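Peer 1: One structure, pasted below without further comment.
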Amino acid sequence: MSLEALKNALPEYARDMKLNLSSLASEASLTPQQRAGTFVASALASRNAEVTRAVLAEFGPQLSPEALNGAKIAATIMGMNNIYYRFVHLVGGDYKTLPAKLRMNAMAKPGVEKVDFELWALAVSAINGCGMCLEAHEHELRKAGLGAEQIQAAVRIAAAVHAVAATLDGERANVNEAVAIAA
């Protein structure tokens, strides 16, 4: 499935998402690798097979094997970290002083420049709603020299990809319900 086919799979009421996917696919404030990796990491974080297939088909070939792997690492590691650190942040107490004891070795050598990996981790953290991780990755990105427009672009990609996944999931639920009622 291509990005065009994904847009065509969206219902008419999601026209804005179609337009957003088109404009974000050529977002100029990010490097091609940053843009493609953000789409891939966001699609994986969206947990929707149709979105993931379409995004990998469209943006996977734009990445080196190392960068594609790095985007996948960002989605995987942040999927775990966002849960853990959101818990630590929300509950507080002694948990902030305890070591996480979760393997995160891949973060040290993700196969891409640190700034690109941080950008992808930020996008996944936005989808997963971890404020602590968002603050930490945004801080690292600013320290690395990225501006507000670049950081916002990654979050806009994450928001649009996630909205497309949610729309398709909702439509599938409506179809499944209609089939069940008809049976």
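Peer 1: From the list VAL115, VAL155, which one is aliphatic (A, V, I, L, M), under 30 Å from PRO11 (Cα atoms) and under 19 Å from the mean Cα position of the chain (by Cα)?
Peer 2: VAL155
Peer 1: I want to confirm something. Restricting to the range 1-51 and keeping residues that are of a type in the set (Val, Ile, Thr) and part of a helix (DSSP H, G or I), which single residue is nearest to ASP116 (Cα to Cα)?
Peer 2: THR38
Residues are listed down the side, and each one gets a yes or a no for (1) over 13 Å from ILE157 (Cβ atoms); (2) at pLDDT 95 or above:
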position	(1), (2)
ALA57	yes, yes
PRO65	yes, yes
LEU68	yes, yes
ALA71	no, yes
ARG103	yes, no
GLY111	yes, no
GLU118	yes, yes
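The values are calculated or read from the model by the stated rules, or taken from the named source; none is laboratory data. This is a predicted model, so every value here is computed, not measured. Every residue, glycine as well, gets a Cβ built from its backbone with ideal geometry; the counts of neighbours run over all protein chains shown.
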